[in-house]
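Trainee: Have a look at this one.
The values are calculated or read from the model by the stated rules, or taken from the named source; none is laboratory data. The model shown is predicted, which means the values in this text are computed figures rather than measured ones. Every residue, glycine among them, receives a Cβ derived from its backbone with ideal geometry; neighbour counts consider all protein chains shown. Surface accessibility is based on the protein's heavy atoms, side chains included, excluding ligands, DNA and RNA. Shrake-Rupley method; radii C 1.70, N 1.55, O 1.52, S 1.80 Å.
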Amino acid sequence: MRKSLFYIIILFFSIFVYGCNTLEEADDTDYHCKLTPLSDGCLELGEGPEYDDSIHYGEELVFNETFSDDFVDGQPFSWLLYRSDTYKLGAVEAKIKEDENQNKYVSLYSNGVHSPLYNPVDRSLIFTRQFNLDEVGYGIAEADIYLPNSINNEIHFEVTTGSVNVIGINIKQNGKVSVISGGVYHNYQGTLDITNTNITLDFDTWYRLRLEWNRELETVKASLYDNNTDDLIVLYDGKFHISVRVNNKKDGTPLVPNVVRFSMPKSLTYNGYVYIDNIVVDKQIENGDSL
């Protein structure tokens, strides 16, 4: 009996010692991982997301966007539509649509009610995509634009350095075309140049617009393709505005754009749609063609 009791005591003691050692090891591991969570045995990495290897900050980045891979009624990939908590649902939209020929395009909409809290001017819809041609210092941006006859809106197509407009084309609700050079977005504080043209676009018709910039020549240009001849109609050809030069000095080095942007104004009278498609940002050669 005494021998059996002795063996039972030895067994319980062994279990107790093993349990304490296991608890101590677990506590040590837990304490070790809390102090150094990235060390071996602490961090388990999953496969992670798939990254687009074509995008590298500081390196050249251009694009040719046809929206052919996007889903109908979805928002386009790779583009940013500004919205905040102050925007009501449906106040601004950028949706993929498809025509009878199965060609996809983007329908932009704004009800003109909302704008960003710290917006330097009254912009409602702001639809952007980044690019990078900083090293070469020159490039082109082109886009197809369509004003529907019913419930259309004013649209501004521009390339910017951050929030500062480098060169842009503005189309009013009645189809009137003007060019904006310089200024934050395109504000009303006298820090930009506005060039009115005698051109009025027809409704329910696609038009192709073109913007150009060249840091070495210090020039910017805005043009419209003639739908009949495909020739370029130059709307504006001038120098970089002072607002996009280093330190806002006349002799400051021009800052080349890095964002292509479409925007609509904030106003209850601007409630409608504009369609866009085939947006290209690329380099250009001396005769103005893209590479």
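Trainee: Please find, among Leu235, Leu211, the residue that is modelled with pLDDT of 90 or more, over 25 Å from the mean Cα position of the chain (by Cα), outside any loop (DSSP other than H, G, I, E, B) and buried (at least 19 other Cβ atoms within 10 Å of the Cβ). I'd like the intermediate steps shown before the answer.
Mentor: Working: Leu211 fails: over 25 Å from the mean Cα position of the chain (by Cα).
One residue alone meets the criteria, Leu235.
Trainee: Separate question: Give the residues of segment 170-196 that are at pLDDT 95 or above and either more than 16 Å from Val274 (Cβ to Cβ) or in contact with a Gly (Cβ under 7 Å, 6 or more places away or on another chain) (or both), sorted by residue number.
Mentor: Val179
Trainee: Filter segment 279-291 down to the residues that are at pLDDT 90 or above and crowded, with 17+ Cβ neighbours inside 10 Å, then identify the one that is nearest to Val220 (Cα to Cα).
Mentor: Of everything passing the filter in segment 279-291, Val281 is nearest to Val220 (Cα to Cα).
Trainee: Let me ask something additional. Select from segment 117-134 the residues that are within 15 Å of Asp282 (Cα to Cα) and in contact with a Phe, Trp or Tyr (Cβ under 7 Å, 6 or more places away or on another chain) and write down the one among them that is surrounded by the fewest Cβ atoms within 10 Å (Cβ to Cβ).
Mentor: Across segment 117-134, the extreme among qualifying residues is Arg129.
Trainee: Could we say that Asn111 is open to solvent by less than 10 Å² (accessible area, probe 1.4 Å) and not hydroxyl-bearing (Ser, Thr, Tyr) here?
Mentor: No; evaluated as a whole, the condition is false for this residue.
Trainee: Scan Asp204, Asp230, Asp251 and give me the residue that is open to solvent by 70 Å² or more (accessible area, probe 1.4 Å), part of a loop (DSSP other than H, G, I, E, B) and at pLDDT below 90.
Mentor: On the way: Asp204 fails: at pLDDT below 90; Asp230 fails: at pLDDT below 90.
Selected residue: Asp251, the only one of Asp204, Asp230, Asp251 that is open to solvent by 70 Å² or more (accessible area, probe 1.4 Å), part of a loop (DSSP other than H, G, I, E, B) and at pLDDT below 90.
Trainee: Then there's this: What number of residues within segment 135-166 are more than 15 Å from Asn271 (Cβ to Cβ), among the charged types (D, E, K, R) and buried (at least 16 other Cβ atoms within 10 Å of the Cβ)?
Mentor: The number of residues fulfilling the criteria is 3.
Trainee: Here's another thing I want to ask about it. Restricting to segment 56-84, name every residue that is open to solvent by less than 90 Å² (accessible area, probe 1.4 Å), assigned to a loop (DSSP other than H, G, I, E, B), among the hydrophobic types (A, V, I, L, M, F, W, C) and free of Cβ contacts under 8 Å to residues at least 60 places away in the same chain.
Mentor: Val72, Trp79
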